[in-house]
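Here, each number is a calculation from the coordinates, and none is a lab measurement. It should be emphasised that the depicted structure is a prediction, and the values quoted were computed from it without experimental measurement. Please note: Cβ atoms are built from the backbone with ideal geometry, for glycine as well, and neighbour counts cover all protein chains shown.
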Amino acid sequence: MFSVLHTESSTGWGGQESRTLQESVGLRKLGVRVVLFCQPGSVLGEKAEAEGLDVFRCRMRKSYDLFAIWNILKVVRKENIDIINTHSGRDTLLAGIAGRLSSRRPVVVRTRHLALPITSKFTYNVLAHRIVTVSEYVRNYLVSAGVPAQKITAVHTCVNLERFDPGKTGSGLRKELGIDPGAPVVGTVSILRRKKGHHILLDAIPDILEKIPDAVFVFAGNGPQKENIENKIKELGLEEKVFLLGLRNDIPYILNSIDLFVLPTLQEALGTSFVEAMAMGKPVIGADVGGVGELIKDGVNGYLVRPEDSDSLADAVIRTLLDKDKAETMGRQGMEMVRKDFTSERMCREMYDLYSSLLKEKAG
């Protein structure tokens with residue numbers, strides 16, 4: 001069996017870190033020795049330790065931090081690491097250099113989680129032996145940016161169906177918030193950043209309420225746009241219609257309590273929140289950007305709308321809420337799609353097979 005070192009210089013928590021933890025836990029179940037290298041204060045490190053994984057911590061102060069490189073080299077040697085998988089820009093450079101310097105010659109894999117333009121091809125074309133992307137969209141972008149196609153493998157980010165299971169989850173959000181039991185609830189789960197498009201949904205709400213006056217909207221998440229969102233809610237007079245739930249750790253409960261999931265994101269590598277909502281049997285609406293189209297099949301499991309278009313968004317929400325039979329069918333279609341193609345077990349098996357093939361190539 002082989003060993004994998006995941007490195008992550010980000011200290012926060014989001015889809016990227018969640019995927020890394022999912023993969024780490026899943027690979028361990030397949031018999032892989034998994035170790036993580038994080039910065040002090042890393043949320044990923046804390047969650048990984050809670051799962052019983054070994055975590056090493058070191059400051060990664062800059063992209064050429066010799067002390068951090070030296071510490072990564074020590075971990076590679078001490079833990080007999082065969083694969084280094086890097087995740088953010090800074091740790092990718094540091095761990096990539098360490099991997100190339102190590103006498104163990106570990107295979108260096110660079111996972112690209114974002115749909116943002118790359119600033120340097122060095123970590124992709126020189127340091128990494130293989131690049132993993134979370135969607136075909138990101139893979140195609142890297143190819144267009146000059147990264148050799150044969151070096152890139154797309155492995156979709158997936159969800160843990162043991163956690164996202166509507167049969168095992170409560171749905172008492174209406175009661176918690178004092179919402180009428182019969183009122184349709186539209187929800188979104190995302191960090192409150194402008195690129196997630198909360199302002200577009202807010203612009204659409206008055207039109208939605210003209211057709212469906214009892215509709216209610218819930219936003220789960222926190223972030224830098226919180227104050228702007230609060231101000232916009234007040235400007236539009238939506239204080240009784242939009243609930244800001246803040247950062248929640250019970251996302252399956254939130255999703256199980258809503259009727260429709262909406263996220264008019266402006267930029268998305270894939271959109272794990274859509275997968276989570278579909279796993280809970282909810283129809284989904286998203287903007288046709290990035291890798292979102294790899295998840296939402298328009299008219300089948302939800303609707304794709306034009307980016308930054310509150311009118312088309314309002315139309316899609318109204319259509320979905322007014323046709324309950326169609327909404328239920330789309331929810332079932334989405335759940336079937338997730339159970340077939342987007343399970344955590346499938347993601348981890350694909351990564352396991354990739355790592356194994358890379359080590360066979362190295363041995364050859």
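Here are the numbers for this structure:
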| read-out | value |
| --- | --- |
| The chain: relative contact order in percent, alpha carbon pairs under 8 Å with at least 6 residues between | 15 percent |
| Crossing angle, helix 310-322 versus the chain [Cα axis fit, 0-90 degrees, rounded to tens] | 70 degrees |
| Segments 38-44, 152-158 sorted - mean Cβ within 10 Å per residue, highest first | 152-158, 38-44 |
| In nm, spacing of pseudo-spin labels at Arg332 and Arg319 (7 Å Cα→C-beta vector) | 2.1 nm |
| For Gly290, distant residues with modelled amide H under 5 Å away | Glu268 |
| Debye equation applied to the C-alpha atoms of segment 227-354, log10 I(q)/I(0) at 0.09, 0.11, 0.16, 0.20 Å⁻¹ | -0.28, -0.42, -0.87, -1.26 |
| Euclidean distance of C-alpha centroids, segment 144-213 and segment 13-46, integer Å | 24 Å |
| Whole-percent pair-distance distribution, where bins are 10 Å wide, for the alpha carbons of the chain | 5, 24, 31, 22, 13, 4, 0 |
| The chain, dipole about Cα centre (Lys/Arg Cβ +1, Asp/Glu Cβ -1), debye to the nearest 20 | 2020 debye |
| Rounded tilt (10° steps) of 198-211 against the dominant C-alpha axis of the chain | 20 degrees |
| Förster radius 41 Å - calculated FRET efficiency between Leu244 and Val143 (Cβ-Cβ, nearest 0.05) | 0.55 |
| Across Lys241/Lys326; Lys29/Lys121; Lys195/Lys234, pairs whose alpha-carbon gap is larger than 23 Å | Lys241/Lys326; Lys29/Lys121 |
